[in-house]
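Written below as structure tokens is the structure these notes are about.
The values are calculated or read from the model by the stated rules, or taken from the named source; none is laboratory data. For clarity, every value in this text was computed on a predicted model and none was experimentally measured. When we count neighbours, we look across all protein chains shown, and the Cβ atoms used for this are built from the backbone with ideal geometry, even at glycine. Accessible surface areas use protein heavy atoms only, side chains included; no ligands, DNA or RNA. Shrake-Rupley method; radii C 1.70, N 1.55, O 1.52, S 1.80 Å.
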Amino acid sequence: MPSVEVEALVTRIRAEYREMPGLQLTFAQARVLWQLDIPTCSAVLQTLVDEGFLVGTPDGRFIAYTSRTLTRLRE
């Protein structure tokens, strides 16, 4: 179970992805943008991937899952 801190960050980051359609961040970019240490960033991104909100791309970006996400990844 994610900690309260991770849950709060998950909620915040989910909202930011919704506010900025098309947002695509690498792990390093996410760490800088949200000022997170490596373990926290990893936990937050993994939580969002596990719940199906984010998808990791082959080139290391994290993007919000939409009906078009898989189409773009297959191209």
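The orientation-averaged projection of the convex hull spanning the C-alpha atoms of the chain amounts to 4.9 square nanometres.
Among ASP50, ASP59, ASP37, the largest mean-square fluctuation in a Gaussian network model of the chain (Cα springs under 10 Å) belongs to ASP59. Largest GNM mean-square fluctuation among ALA28, ALA64, ALA43, using the chain with Cα springs under 10 Å: ALA28.
Could you work out the relative contact order of the chain, using alpha carbon pairs under 8 angstrom and six or more residues apart, expressed as a whole percent?
About 32 percent, as a whole number.
Summing +1 for each Lys or Arg and -1 for each Asp or Glu among the other residues whose beta-carbon sits under 13 angstrom from that of VAL49 gives 0.
Largest GNM mean-square fluctuation among ILE13, ILE63, ILE38, using the chain with Cα springs under 10 Å: ILE38. Distance between the 7 Å Cα→Cβ label points at ILE38 and PHE53: 2.5 nm. Average accessible surface for the chain: 66 Å² per residue, computed with a 1.4 Å probe over protein heavy atoms with every protein chain in place.
Amide H contacts for LEU25 (H built 1.01 Å from N in the peptide plane; partners 5 or more residues away or on another chain; cut-off under 5 Å): PHE62.
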